[in-house]
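Novice: Could you have a look at this structure, given as structure tokens, before my questions?
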Amino acid sequence: MIDLSTTYMGLQLRNPIIAGSSGLMNNVEYLKELEEAGAGAVVLKSIFEEQIRHESESFLQSDHEKAREWKTTFNEAVQQHPYAYEEAEAYVNSFAKEHTLDRYLAFVAKAKQTLKIPVIASIHCVSQYDWSYFAKRIQEAGADALELNIYVLPSDIKRSGAENEQVYFDVAEQVKQQVTIPFSLKIGYYFSSVVHTITKLSESGASGLVLFNRPYHPDIDIRELEISTGQVCTTFDDYLHTLRWVAILSGMVKCDICASTGIHSYDVVIKQILAGASVIQIASALYKQGPDVIPGMLKGIKTWMEIHNFETIDQFKGMFSQKNIENPAAFERVQFMKLYSRIE
Ligand SMILES: Cc1cc2nc3c(=O)[nH]c(=O)nc-3n(C[C@H](O)[C@H](O)[C@H](O)COP(=O)(O)O)c2cc1C
């Protein structure tokens, strides 16, 4: 009898397939569809602090009754005292923040009421204070866990690698102090020493690491001569980068690994678990193939487990982790020496 159940961050999942955060994950009916298709858990669309800032600007430009009322207060305050400008602006921003956060909290609560599978909320903040404030409020709304979507692009010449990396530790520390539900860090790989930093992050209080987030990529349109948006969705062979690091890190980290990026088919789910992931996330596969991709993956995994006489996920999890293979150097090879010499 095949049993696909597993645990992630202390949560009991019926299988290792998590529907990852994306624009699709902002609608409870769609989340229900994913549950019916067999998803093990869902990660809601992130609440973005930048989105709140944007909403506060568009709120001030809008024309509904509440906005008119605020604009009057705002303008009067500024007329009465020019220094009131900053105060009034902060007031509007804080109103917009509460308004957007309240909507997100209502969504979290509704998702929790509707679904039986674990609901993981997702946060991306910029300012230090908001990470822990949002986390606390989301826990109160009933989320089972939190995913902290942190991405520091190390593009500032004045900041050292250590300074950039400290941001991840500070966020984990602040959130840890505010919540009792488990949280994961969804991170990129721009670290000066990937293994050193990620193993230290695994001891920061996080219960899971999502490897890896995929950032927005700008592109250049050579016809229109302008900046354009690069490929938003991943493709079938984008999983290899994650596979290497999951295999290397899984024997070293002190928390669960969730593999992410480029997982579009059942065979890659199996590869990531063999490398040591506890669970995997899919986002682009849902955009490209719809919720039906999930039953297809589950069927493929079950058939493969039957063929290889595995009854549980734990029986093969980490079999190909770097620490468990005869030739650990396989995951550290970066040159194609033999292949190049054959091509010559
Ligand atoms: C259209 C789109 C929207 C996304 N929105 C979010 C988001 O709100 N929060 C987040 O953490 N990740 C977001 N992601 C990133 C995905 O969760 C995932 O990390 C990334 O797409 C790589 O996984 P994949 O190959 O399965 O797509 C988004 C991805 C896509 C394609």
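Novice: Within the stretch 137-172, how many residues are aliphatic (A, V, I, L, M), assigned to a helix (DSSP H, G or I) and within 18 Å of Asp102 (Cβ to Cβ)?
Specialist: Within the stretch 137-172, residues that are aliphatic (A, V, I, L, M), assigned to a helix (DSSP H, G or I) and within 18 Å of Asp102 (Cβ to Cβ) number 2.
Novice: Quick one: how many residues across the stretch 238-268 are open to solvent by 10 Å² or more (accessible area, probe 1.4 Å) and touching a His at 6+ places or on another chain (Cβ under 9 Å)?
Specialist: The total comes to 3.
Novice: Continuing with this model, one more query. Scan the stretch 269-320 for residues that are of a type in the set (S, T, N, Q) and surrounded by 14 or more Cβ atoms within 10 Å (Cβ to Cβ) and report the count.
Specialist: So the answer is 6.
Novice: Is at least one residue of the stretch 161-171 touching a Gly at 6+ places or on another chain (Cβ under 8 Å) and either of a type in the set (S, T, N, Q) or modelled with pLDDT of 95 or more (or both)?
Specialist: no
Novice: Restricting to the stretch 173-217, what's the tally of residues that are away from the ligand (no atom under 16 Å from the Cβ), within 17 Å of Trp131 (Cβ to Cβ) and either of a type outside the set (S, T, N, Q) or open to solvent by less than 50 Å² (accessible area, probe 1.4 Å) (or both)?
Specialist: Number of matching residues: 10.
Novice: Can I ask one more? Name the residue, out of Cys255, Cys233, that is closer than 26 Å to Leu146 by Cβ and in contact with a strand residue (DSSP E or B) (Cβ under 6 Å, 6 or more places away or on another chain).
Specialist: Result: Cys255 is the single residue among Cys255, Cys233 that is closer than 26 Å to Leu146 by Cβ and in contact with a strand residue (DSSP E or B) (Cβ under 6 Å, 6 or more places away or on another chain).
Novice: Please give the number of the condition Lys116 fails out of (1) in a helix (DSSP H, G or I); (2) open to solvent by 30 Å² or more (accessible area, probe 1.4 Å).
Specialist: Of everything listed in (1) in a helix (DSSP H, G or I); (2) open to solvent by 30 Å² or more (accessible area, probe 1.4 Å), Lys116 misses just condition (1).
Novice: For the stretch 122-136, does any single residue satisfy the condition of being modelled with pLDDT of 95 or more, part of a loop (DSSP other than H, G, I, E, B), open to solvent by 20 Å² or more (accessible area, probe 1.4 Å) and of a type outside the set (S, T, N, Q)?
Specialist: no
Novice: Gly208 - would you say it is touching a helix residue (DSSP H, G or I) at 6+ places or on another chain (Cβ under 7 Å) and at pLDDT 95 or above?
Specialist: Here the answer is no, as Gly208 does not meet what is asked.
Novice: Is there a residue being more than 16 Å from the ligand (Cβ to nearest atom) and in contact with a Leu (Cβ under 8 Å, 6 or more places away or on another chain) anywhere in the stretch 155-170?
Specialist: yes
Novice: Continuing with this model, one more query. Residues that are within 16 Å of the ligand (Cβ to nearest atom), at pLDDT 95 or above and of a type outside the set (Val, Ile, Thr): find the helices (runs of 4 or more DSSP H) completely inside the stretch 230-344 holding 3 or more of those.
Specialist: In the stretch 230-344, 240-249, 266-275, 284-289 are the helices (runs of 4 or more DSSP H) which contain 3 or more residues that are within 16 Å of the ligand (Cβ to nearest atom), at pLDDT 95 or above and of a type outside the set (Val, Ile, Thr).
Novice: Could I ask something else about it? Is there any pair with a first residue in the stretch 44-55 that is more than 11 Å from the ligand (Cβ to nearest atom) and a second that is modelled with pLDDT under 95 whose Cβ atoms are under 6 Å apart and which are 6 or more apart or on different chains, and what are they?
Specialist: Final answer for the pair search is Glu49/Cys125; Glu49/Val126; Glu49/Asp130; Ile52/Ala96; Ile52/Lys97; Ile52/Thr100; Glu55/Ala96; Glu55/Thr100.
Novice: Within the stretch 27-37, is even one residue within 9 Å of the ligand (Cβ to nearest atom), open to solvent by less than 10 Å² (accessible area, probe 1.4 Å) and at pLDDT 95 or above?
Specialist: No, the stretch 27-37 contains no residue that is within 9 Å of the ligand (Cβ to nearest atom), open to solvent by less than 10 Å² (accessible area, probe 1.4 Å) and at pLDDT 95 or above.
The values are calculated or read from the model by the stated rules, or taken from the named source; none is laboratory data. What you see is a predicted model; the values in this text were computed from it and never measured. Cβ sites come from the backbone with ideal geometry, for glycine too, and all protein chains shown count toward neighbours. Please note that ligands, DNA and RNA were not included when accessible areas were found on the heavy atoms of the full protein model with its side chains. Shrake-Rupley method; radii C 1.70, N 1.55, O 1.52, S 1.80 Å.
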